[in-house]
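Only one structure is covered here, and it is reproduced in the block below.
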Amino acid sequence: NLEETEIDHIDPYSLGGPTKIENAQLVHTICNRSKGNKVDVSSIAGRPTANQKVISLADDADLSYTKPDYLMYKNKCIKVKNYDGLYTKFFELIVNIDSEKINKIADNPPKTKRGNVYISHNKGDHYKPAEVIPGTYIETSLSANHAFKLMKSFAKEVGVDCNEISFSLLQNGE
């Protein structure tokens, strides 16, 4: 019955979803109202557009000229705006899986050839820090490909199957 339906934003308007026909669907009014601004993972993964693709953390991918759109893990779908946000939200997920392991890594952080660290307990160690656990900071000023490589490494460290983490990418930074 059309009287019991309304047009819904697939990507919620409140989370930056555009008001365009490509982002619209016809849904039952009660279902739409109960959904709120939650995002259904299957709606994202099942509808990559011509300028969007979904990749797994297990994939070998070149992320140049892309912009992340959503981070997905076990039916959680989190809207992100950039690679800083993707990397930070990724850490929030894995901290919930094994915060003790993350803290142990931060206790004795691996260093780059230049002596930089990507995780530590000292905020001053980072150019653009994000606190992921009280007193534990990550560096978020990373290239897309570097962030992808580090996410793979940290996922493995905490025992997360990289096939279970995916994200949608917009091509050409759109």
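The values are calculated or read from the model by the stated rules, or taken from the named source; none is laboratory data. None of these values were measured; they are calculated from a predicted model. Here the Cβ is made from the backbone with ideal geometry for all residues, glycine too, and neighbour counts use every protein chain on show. What goes into the accessible areas is simple: the full protein's heavy atoms, side chains included, and nothing from ligands, DNA or RNA. Shrake-Rupley method; radii C 1.70, N 1.55, O 1.52, S 1.80 Å.
In terms of packing, defined here as the mean over residues of other Cβ atoms within 10 angstrom, the peptides 17-29, 140-152 line up highest first as 140-152, 17-29.
Amide H contacts of Asn82 (H built 1.01 Å from N, in plane; Pro and chain starts excluded): no residue 5 or more places away or on another chain comes under 5 Å. Based on alpha-carbon centroids, what's the gap between the range 127-174 and the range 61-113 in Å, whole number please? Taking the Cα centre of the range 61-113 as reference, the centre of the range 127-174 is 3 Å away. For the range 83-100, backbone phi angles converted through the Karplus equation (6.51, -1.76, 1.60; θ = phi - 60°) give residue-by-residue couplings of 5, 4, x, 4, 5, 5, 5, 4, 5, 4, 5, 6, 5, 5, 7, 7, 5, 4 Hz, Gly and Pro being listed as x.
The share of accessible area on the chain that comes from carbon and sulfur is 49 percent, using a 1.4 angstrom probe. Per-residue packing, averaged as other Cβ atoms within 10 Å, sorts the ranges 63-72, 106-115 into the order 63-72, 106-115, beginning with the highest.
With the contact rule set at Cα under 8 Å and sequence spacing of 6 or more, what percent relative contact order holds for the chain? Write out the running numbers ahead of the final one.
Details: 263 pairs, mean separation 47.9, N = 174.
It comes to 28 percent, rounded to a whole number.
For the chain, the percent of C-alpha pairs falling in each 5 Å distance bin, counted from 0 to the bin holding the largest distance, reads 1, 8, 16, 19, 17, 14, 10, 7, 4, 2, 1, 0, 0. Rolling a 1.4 angstrom probe over the protein heavy atoms with all chains in place gives the chain an accessible area of 58 Å² per residue.
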